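These notes are about the structure you will find just below.
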2 protein chains.
Amino acid sequence: MVLPQDGSQRLVIDVLGGAEPRVHDPNAPLLYADDLAAVRGDGIFETLMLRQGEVRNVHRHLTRFRNSAAMLNLPEPDLERWQAATDLAARTFGGGEAALRWVYSRGRESTGLPTGWLTVAPVGDEIISARTTGVKVMTAERGFRLDLSQRSPWALIGAKTLSYAANMAALRAAKERGLDDVIFLSDEGNVLEGPTSSVIVAAGGALYTPPVDAGILPGTSQASLFALAEQRGWSTQQKAMTVPDLLSADGVWLVSSVRIQARVTQLDGRDLPRPDCAAEVEQMATEAVTG
Amino acid sequence: MVLPQDGSQRLVIDVLGGAEPRVHDPNAPLLYADDLAAVRGDGIFETLMLRQGEVRNVHRHLTRFRNSAAMLNLPEPDLERWQAATDLAARTFGGGEAALRWVYSRGRESTGLPTGWLTVAPVGDEIISARTTGVKVMTAERGFRLDLSQRSPWALIGAKTLSYAANMAALRAAKERGLDDVIFLSDEGNVLEGPTSSVIVAAGGALYTPPVDAGILPGTSQASLFALAEQRGWSTQQKAMTVPDLLSADGVWLVSSVRIQARVTQLDGRDLPRPDCAAEVEQMATEAVTG
């Protein structure tokens, strides 16, 4: 799929700018030059999967959105309004797979009023193909100790903020090396998360993911997958893991709302062969995130 | 000074959107909903002092702007164009003191073209009064080890990125405690910098500031002040310091382009009395940043 460069296949909804959410021309500017989202990365977001006119996992995203807002001392978001905007987006965009993003900003410096908007964009080829070909991954030090979130609430660990420049830089560093993605490690060498995904490990018939209190974002897709896997008889657990744990596991995946799942086929140059359980794990992830 | 809430005392210049920089109505939206500045904090900025129609320290800001862009793999900024936009802003805004901000974004997701703009806003009362009353400060762990910038270039330490949510959160945490500002410490307890300022210490007739390779932003105002202080017979030095070093010094200041200097009158609850050298240091800072 090639996107037209004029943004015509995109959809924008102004969520907080009027009496109610309304469709905004994607080819008309929406934000003022002094919006704190744009000049300070001061706000939060969520990315949801929109598929065949339905938005998936919306309650988990609403919960995390509200929690992120609280961590940033933003006014509590009106979740019904965000839900209404999301429904409007789903009706307007129609079929196909798309990434639907909520953005909630502290607003204009000159007015102090929060801004909020929603964008929808078709899912790109690279993302769709990663579901079947998997991803080559490098580990990267994030530079935090595990206990930072307890000691320094201003580090905003666990909030999905708009300040993603370092996450984007880590992804660029991977691409420069001919790789696809990154798994962050803590100072202690613990596995954390990807820049835009959660880490899932299958080993001995169980699924594992790093503990949220290690200073990571609680994953909506990870939570969905674990709920479904337990129904199917898998045991699931949050567990502190290191790189050797990943290398000796049956399989490692990165899960997220839009890419759904991408198996890690290579980690720091070591090949990770496709395990017998791969088809089942990937099917469960797909059902959990899109079903 | 009370700003009108409609932004009418503000100035916006669209730097990269047309054939040349042009004034943009501050009450008209400028940015598209998918600008990576607004949805990922993916870009850089500089804040300069505009005073009586003149912009100060512009070469130091241009140099840091170019370096920040390189660290983020942004296309090299056309510094002549940013200079021309700045000249246009200075001519258009007229007299008084104002904060002039350059913002350079990776641009719209849907086009991949960078965006760049400039805003000017009058300096607020709170900032002006801090020059004479000083600031009460708390220290805050930033959560990085000193060597993070060497090991993890994707942490973007030393680049002035738009991803400032954690800096803003630290300032909010200070205000909640009835304080004015923050000094970040490394994991090792070394003094680093403020969220939007450099730390300057006077002790025994010398001026000190933390070393840039400790993972801080090189300060344009700090560099200006040190250059002038050396002409006036002060010795100046980059030096690793801890909180006890600050408490036992003659004086501690936070310096930045728009607030210029604010003496730290209280650090973590300990009063720091005004030293004999204060008038001279503050006068030098003012001349260095505005002269």
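Here, each number is a calculation from the coordinates, and none is a lab measurement. As the structure is a prediction and not an experimental result, all values here were calculated from the model. With ideal geometry, Cβ positions are generated from the backbone for all residues, glycine too; neighbour counts draw on all protein chains shown.
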If I fit a long axis through the Cα atoms of helix B:58-71 and take the longest principal axis of the Cα atoms of chain B, what angle between them do I get, 0 to 90°, rounded to 10? 80
For segment B:50-56, in residue order, the Karplus 3J(HN,Hα) values (coefficients 6.51, -1.76, 1.60; θ = phi - 60°; whole Hz; Gly and Pro = x) are 10, 9, 6, x, 10, 9, 9
Where the eigenvalues come from the Cα gyration tensor of segment A:57-172, what are the semi-axes √(5λ) of the equivalent ellipsoid, largest first, in whole Å? 25, 25, 13
Please get the size of the charge dipole for segment A:11-122, origin at its Cα centre, with Cβ charges of +1 on Lys and Arg and -1 on Asp and Glu, quoted in debye to the nearest 20. 300
In terms of modelled amide H atoms, which long-range or inter-chain residues lie less than 5 Å from the amide H of A:His24? A:Val12, A:Ile13, A:Asp14
Quickly estimate the mean residue ellipticity at 222 nm for the protein assembly as shown, helices only: each DSSP H run with n ≥ 4 gives -39500 (n - 2.57), and the total goes over all residues, rounded to 500. -9000 deg cm²/dmol
Determine the gain in length on full extension of the stretch B:Ala28-B:Asp147; use 0.36 nm per residue of separation and subtract their C-alpha separation, reporting nm with one decimal. 38.4 nm
Of the options A:Leu185, A:Thr196, A:Pro211, report the single residue whose Cα projects farthest towards the positive end of the charge dipole of segment A:127-290 (beta-carbon charges: Lys, Arg +1; Asp, Glu -1). A:Thr196
Take every Cα pair under 8 Å in chain B that's 6+ residues apart, average their separations, divide by the length, and report that relative contact order as a whole percent. 19
Under the convention of a label 7 Å out along Cα→Cβ, give the distances in nm from B:Asp213 to the same position in every other copy, shortest first. 3.9
Between copies, how close do the B:Glu230 label points come, placed 7 Å along Cα→Cβ, listed in nm from shortest? 6.4
Report ³J(HN,Hα) in whole Hz for each residue of segment A:10-15, in order, from the Karplus equation J = 6.51 cos²θ - 1.76 cosθ + 1.60 where θ = phi - 60°; Gly and Pro get x. 9, 10, 10, 10, 7, 7
By the gyration tensor of its Cα atoms, with a ≥ b ≥ c the square roots of the eigenvalues, what is the shape of segment A:11-122: rounded for a/c under 1.5, prolate for a/b over b/c, or oblate? oblate
Kirkwood Rh in Å, taken over the protein assembly as shown so that all alpha-carbon pairs contribute: 24.9
Here the convex hull volume per residue of segment B:202-291, taken over Cα atoms and given in Å³, is 96
Rounded to a whole number, the Stokes-Einstein D of chain B in µm²/s (Kirkwood radius over Cα pairs; 20 °C; 1.002 mPa s) is 108
Report, to the nearest 10°, how far helix A:79-93 tilts away from the longest principal axis of the Cα atoms in chain A, using its own Cα long axis and a range of 0 to 90°. 90
In whole Hz and in residue order, list the ³J(HN,Hα) couplings for segment A:145-153 that follow from phi through the Karplus curve 6.51 cos²θ - 1.76 cosθ + 1.60, θ = phi - 60°; x for Gly and Pro. 7, 4, 8, 4, 5, 6, 7, 9, x
Helix A:220-231 sits at what angle to the longest principal axis of chain A, using alpha carbons and giving 0 to 90 degrees rounded to 10? 50
Mind checking which lysines have their Cα closer than 27 Å to the Cα of B:Lys175? Skip sequence neighbours fewer than 8 apart in that chain. A:Lys160, B:Lys136, B:Lys160
With N denoting the number of residues in segment B:127-290, provide Rg(C-alpha) divided by 2.2 N^0.38 Å, to two decimal places. 0.97
Residue-span extension gain [B:Glu126 to B:Asn73] - 0.36 nm each, minus C-alpha spacing: 15.5 nm
